[in-house]
1. Would you point out the residue of segment 40-97, among those that are among the basic types (Lys, Arg) and in a loop (DSSP other than H, G, I, E, B), that is modelled with the lowest pLDDT?
2. Across segment 74-97, which residue is surrounded by the fewest Cβ atoms within 10 Å (Cβ to Cβ) among those that are within 13 Å of GLY37 (Cα to Cα) and either free of Cβ contacts under 8 Å to residues at least 24 places away in the same chain or among the hydroxyl-bearing types (Ser, Thr, Tyr) (or both)?
3. Just the residues that are under 20 Å from LYS2 (Cβ atoms) and surrounded by fewer than 17 Cβ atoms within 10 Å (Cβ to Cβ), please, taken from segment 59-73.
4. Mind checking which pairs have a first residue in segment 1-23 that is surrounded by 13 or more Cβ atoms within 10 Å (Cβ to Cβ) and a second that is of a type in the set (S, T, N, Q) and at pLDDT 90 or above, Cβ under 8 Å, 6 or more apart or different chains?
Amino acid sequence: MKMKPLGDRIVVERLEEETKKGSIIIPDTAKEKPQQGKVIAVGEGRFDETGKRIPMDVKKGDTILFGKYSGNEIKIDDKEYLIMREDDVLAIIDKEK
């Protein structure tokens, strides 16, 4: 799949959360959709009032946190993705310690 989002939009693949909490297994019907995802594609950024392009802070490969109701769900090649604006990103997760 090759996709290029426009402006300040990004394409995100949701990351699955753990289905077991301690010794309790959470059934699929009780699970909420994950609010973490991996950035698959990034637009070129939005324009400011003077017409200058503002570069994106998020880049391809970043793991991000986003709001519960952020973005629009799309399905391509039997995989589900979210398309959202960079403003919907709450944080970039740094996995290095």
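The values are calculated or read from the model by the stated rules, or taken from the named source; none is laboratory data. Everything quoted here is computed from the prediction, not taken from an experiment. Here the Cβ positions follow ideal geometry from the backbone for every residue, glycine too, while neighbour counts run over all protein chains shown.
1. Out of the qualifying residues, it is LYS97.
2. ASP94
3. LYS59, LYS60, GLY61, ASN72, GLU73
4. The qualifying pairs are ARG14/GLN36; LEU15/GLN36; LEU15/THR63; GLU17/GLN36.
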